[in-house]
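Q: Please see the structure below; I have some questions.
The values are calculated or read from the model by the stated rules, or taken from the named source; none is laboratory data. Please read these numbers as outputs of a predicted model, since none were measured by experiment. Cβ placement follows ideal geometry from the backbone for every residue including glycine, while neighbour counts extend to all protein chains displayed.
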Amino acid sequence: MSKKPLPISTICSWQNRIDPTPDYQRPPAWSKKQKQLLIDSILREYDVPKMYWRAVNRPDGIKYEVIDGQQRLRTIWEFRAGEFALARDADPVNGFPCAGKTYDQLDLDVSTIFDAYPVDVVIVDDAVQNEEEDEVRDMFLRLQNGTTLKAQEKRNAMQGQMRDFVKSLAQHKFFESCKFSNSRFTFDQVAAQVVCLEMAGGPTSVRDADLNRMYSENAAFDANGKVAKKVRRVLDYLLRAFPDKTPELERYNVITLYCLASTLMETYVHTGTEAAVASWFIGFETERRQQEELDEEHRDSQLVEYRRLTSYSTDGEESIRGRLETLEKRFFLACPDIPTIDAIRAFTPEQRLAIYRKDDGCCQIRTHCKGEKLSWSDWHADHRVPHSKGGKTTVSNGQVACPPCNIAKYDSLPDAIEVVG
Ligand SMILES: [Zn+2]
């Protein structure tokens with residue numbers, strides 16, 4: 001790696017040697033205000049964060065891929081090309097008025113400050129192709145999210161049942177529908193993140209340190225326990241919603257969609273809602289991308305905020321919570337008719353007695369028994385139409401079930417929440 005200050009005039013004349021969008025880049029679009037602020041800082045000779053470029057040998061000479069600094073670079077080029085002006089209320093620079101001016105309208109003394117401004121550029125040499133690729137990706141991820149994929153590699157080496165559970169979860173077919181590949185154990189990482197979110201019961205920080213702690217504190221994790229079953233059911237649900245490769249399923253989207261689906265399965269009658277979730281989500285992402293083409297004034301402020309939240313620290317609790325709130329608000333507006341599951345799930349003692357008498361204490365399911373009379377201390381009050389499918393907690397929807405039949409019935413439902421005894 002080498003660090004050198006490059007004057008903006010050089011950065012501008014090198015424009016065709018620089019590729020601002022290699023495939024590991026996904027920075028947010030800047031608003032006009034952000035662009036004006038950068039140029040203003042340059043003209044006042046404030047520090048601008050350094051850029052990271054990667055030198056690549058191409059048949060037509062050395063090119064540079066931008067690892068970090070794409071928006072700054074584009075802004076510099078756009079200003080030099082006269083594509084936007086400084087803010088109408090910009091203060092003069094060294095006594096020369098600048099407000100509302102484009103590059104060509106600036107006094108020569110001021111445009112010279114711009115041309116000569118040295119931008120610190122760290123150039124990563126493209127020596128060892130494959131390892132370098134991973135390292136550049138890692139560096140980019142670290143700059144973007146404060147996380148690296150190497151951390152998951154290290155977690156995979158930790159001992160314990162959490163490690164084993166996450167490893168098996170990473171094999172879930174849903175991950176194959178996502179945009180990202182499994183290079184550097186991305187499936188494992190996202191699988192670990194959704195387990196962490198499920199254990200917290202909603203948005204929580206899922207950075208490397210949080211995942212490491214989860215692995216070490218849950219070395220005795222029960223892979224057949226309630227959390228494990230729920231995570232699998234949510235991923236099954238998401239797979240039914242997205243059976244094919246879906247480019248919109250980026251990493252940061254998957255963790256918030258997981259939270260949305262988890263809530264949906266916990267509180268709403270979700271059976272048969274997969275298609276609605278999928279088409280709503282694709283529509284949301286399409287609208288979001290269309291926003292980028294609009295002028296700032298015409299953008300939906302909620303989506304601008306959402307974009308901001310996807311652009312940094314996407315594994316932090318605040319970002320996840322903010323994104324999830326937008327998703328939930330929009331989903332329930334788009335699909336207002338999804339009913340909640342009856343809030344009262346357990347039968348009252350009065351209901352239990354009525355159900356026991358109604359069915360004469362005999363199991364009504366009879367898949368694992370012959371329907372013999374059960375003792376008062378050993379029967380389950382079962383929802384005939386399962387609770388997760390909107391069955392009410394009423395005597396008419398209640399029936400006597402022996403424990404083996406009851407448990408088998410709920411295990412056979414792909415999305416049952418738990419046995420309601
Ligand atoms: Zn039975």
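The rows are residues; the columns are (1) surrounded by fewer than 21 Cβ atoms within 10 Å (Cβ to Cβ); (2) touching a helix residue (DSSP H, G or I) at 6+ places or on another chain (Cβ under 9 Å); (3) among the basic types (Lys, Arg); (4) not assigned by TED's automatic domain parsing to the domain that holds ASP315.
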{"position": "LYS173", "(1), (2), (3), (4)": "yes, yes, yes, no"}
{"position": "GLU176", "(1), (2), (3), (4)": "yes, yes, no, no"}
{"position": "SER183", "(1), (2), (3), (4)": "yes, yes, no, no"}
{"position": "VAL206", "(1), (2), (3), (4)": "no, yes, no, no"}
{"position": "ASP210", "(1), (2), (3), (4)": "yes, yes, no, no"}
{"position": "ARG232", "(1), (2), (3), (4)": "yes, yes, yes, no"}
{"position": "THR246", "(1), (2), (3), (4)": "yes, yes, no, no"}
{"position": "ARG251", "(1), (2), (3), (4)": "yes, yes, yes, no"}
{"position": "THR256", "(1), (2), (3), (4)": "no, yes, no, no"}
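Q: While we're looking at this one, here's another question. Among the numbered criteria (1) surrounded by 18 or more Cβ atoms within 10 Å (Cβ to Cβ); (2) part of a helix (DSSP H, G or I); (3) of a type outside the set (Val, Ile, Thr), which single criterion is violated by ARG240?
A: ARG240 satisfies all of (1) surrounded by 18 or more Cβ atoms within 10 Å (Cβ to Cβ); (2) part of a helix (DSSP H, G or I); (3) of a type outside the set (Val, Ile, Thr) except (1).
Q: Residues that are farther than 30 Å from SER31 by Cβ and charged (D, E, K, R): which helices (runs of 4 or more DSSP H) entirely in segment 286-380 hold 1 or more of them?
A: Output list reads 349-358.
Q: Now, a different point. Restricting attention to segment 360-372, report how many residues are over 16 Å from TYR410 (Cβ atoms) and within 11 Å of the ligand (Cβ to nearest atom).
A: Looking only at that region, the number is 4.
Q: Let me ask something else about it. May I ask you to list the residues in segment 381-410 that are in contact with an Asp or Glu (Cβ under 9 Å, 6 or more places away or on another chain) and either within 8 Å of the ligand (Cβ to nearest atom) or part of a helix (DSSP H, G or I) (or both)?
A: Hits for segment 381-410 are HIS387, SER388, LYS389, ALA401, CYS402, PRO403, CYS405, ASN406, LYS409, TYR410.
Q: Okay, next question. Go through segment 179-193 residue by residue and tally those that are under 14 Å from LEU238 (Cβ atoms) and at pLDDT 95 or above.
A: The qualifying residues number 3.
Q: Also: Can you name the residue in segment 84-108 that is acidic (Asp, Glu) and at pLDDT 95 or above and, of all such residues, is surrounded by the most Cβ atoms within 10 Å (Cβ to Cβ)?
A: ASP107
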